[in-house]
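**Q** Right, I'll just put the structure down here and ask away after.
Every number in this text was worked out from the coordinates using simple rules, so none of it is lab data. Since the model is a prediction, treat every value here as computed from it, not as a measurement. FYI the Cβ positions are ideal-geometry reconstructions off the backbone, even for glycines, and counts take in every protein chain you see.
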Amino acid sequence: MSTKGPGRRQADEAKAVCKACPVRRPCASWALATAQEYGIRGGMDEEELVLACRRKHLSARKRSSSGPDA
């Protein structure tokens, strides 16, 4: 999806729909759990999905390395 012009407008319109959606959080959770990288999912665009997925993986890595033996 483009970050300029019509693609950006379409993404903004889709994200506006997500704001009022009752399943926004489950949708976002599913998108992250299944590594979705395309489209608008849970109110996040492609760039935001990739960043959220990276944060999720980094957070999981930190938790596993700071276990009871750390």
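**Q** Scan (i) 63; (ii) 70; (iii) 66 for the value of percent of Cα pairs over 13 Å apart calculated from this model and give just the label.
**A** (iii)
**Q** Same structure again: So how much slack lies between ALA16 and TRP30, counting 0.36 nm per residue of separation and subtracting their Cα-Cα distance, in nm?
**A** 3.1 nm
**Q** Residue by residue through the stretch 20-28, what is 3J(HN,Hα) from phi via Karplus (6.51 cos²θ - 1.76 cosθ + 1.60, θ = phi - 60°)? Round to whole Hz and write x for glycine and proline.
**A** Listing the rounded values in order: 9, 7, x, 10, 4, 5, x, 5, 5 Hz.
**Q** Would you compute, from DSSP H runs of 4+ residues alone, the mean residue ellipticity of the chain at 222 nm, taking -39500 (n - 2.57) per run and dividing by the full residue count, rounded to the nearest 500?
**A** -21000 deg cm²/dmol
**Q** Which of the peptides 39-47, 23-31, 9-17 is most tightly packed, and how do the rest follow, judged by the mean count of other Cβ atoms within 10 Å per residue?
**A** Ranking the peptides 39-47, 23-31, 9-17 by packing returns 39-47, 23-31, 9-17.
**Q** Stretched out fully, how many nm does the piece from SER59 to GLU37 gain, at 0.36 nm a residue minus the Cα gap?
**A** 6.0 nm is the gain from fully extending SER59 to GLU37.
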